[in-house]
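A.B. asks: Got a structure for you, written out below as structure tokens; questions coming shortly.
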Amino acid sequence: MRPVILDTSAFIQGYNLSPEEDYYTVSEVLGEIREELGRMRYEGARSSGRLRETQPEEKWVTEIEVKAKLSGEAHKLSDTDKQLLALGLQLKSQGDAPTIVSDDYSVQNMASRLGLRFAAQATRGIKRVYEWGIYCPGCKRKFESPQEDNVCPICGTELKRKPRR
């Protein structure tokens, strides 16, 4: 069976579970679901045994954090996103070819960079993979890596990102 990793958006949008696939998620996803119907979908899938709540090994989370910083996605990925991507890498290392179901463009971008498949549900999904450059709109300084609290150390302006060429 093919492994599928479900992000929060899969439960919010009502992703249809197929008997031909193994479904995984991380426990942090439930905390992101605000509406009752999404929570019911999550709980129903978990209690039926069709959804496995699995935490990735710490080494995979660390690898995601390093690669997210290098790509400029570090400040756009939540801890839950990093956990899901780490789970994808862990399953891939075990010989599986997981698909991550997510409407989050940063998750899709990182999944693509990591060689993981992704599927969007309510959006068209990304068309190309980006590497992001970080800059200060105030003093125009460019940064090679994320700064503490995503704030410019020179002028105190919140940093932005744009695709590198």
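Condition check ((1) in contact with a Lys or Arg (Cβ under 6 Å, 6 or more places away or on another chain); (2) surrounded by 15 or more Cβ atoms within 10 Å (Cβ to Cβ); (3) within 17 Å of residue 29 (Cβ to Cβ)) across all residues:
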residue	(1), (2), (3)
85	no, yes, yes
91	no, yes, yes
95	no, no, no
104	no, yes, yes
114	no, yes, no
142	no, no, no
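A.B. asks: Mind listing whichever residues of segment 61-77 are at pLDDT 95 or above and either open to solvent by less than 40 Å² (accessible area, probe 1.4 Å) or of a type in the set (S, T, N, Q) (or both)?
C.D. replies: Listed by number, the residues that qualify are 61, 62, 64.
A.B. asks: Please return the ranges of helices (runs of 4 or more DSSP H) entirely within segment 1-77 where 2 or more residues are of a type in the set (Asp, Glu).
C.D. replies: The helices (runs of 4 or more DSSP H) meeting that bar are 28-32, 36-47, 58-71.
A.B. asks: Checking residue 118 against (1) in contact with a helix residue (DSSP H, G or I) (Cβ under 9 Å, 6 or more places away or on another chain); (2) part of a loop (DSSP other than H, G, I, E, B); (3) open to solvent by 40 Å² or more (accessible area, probe 1.4 Å); (4) under 25 Å from residue 20 (Cβ atoms), which test does it fail?
C.D. replies: (2)
A.B. asks: While we're looking at this one, here's another question. Scan 94, 13 and give me the residue that is at pLDDT below 95 and not aliphatic (A, V, I, L, M).
C.D. replies: The match here is 13.
The values are calculated or read from the model by the stated rules, or taken from the named source; none is laboratory data. Here the structure is a predicted model, which means the values were calculated and not measured. So basically every Cβ, Gly included, is an ideal-geometry build from the backbone, and we count neighbours across all protein chains shown. Accessible surface areas use protein heavy atoms only, side chains included; no ligands, DNA or RNA. Shrake-Rupley method; radii C 1.70, N 1.55, O 1.52, S 1.80 Å.
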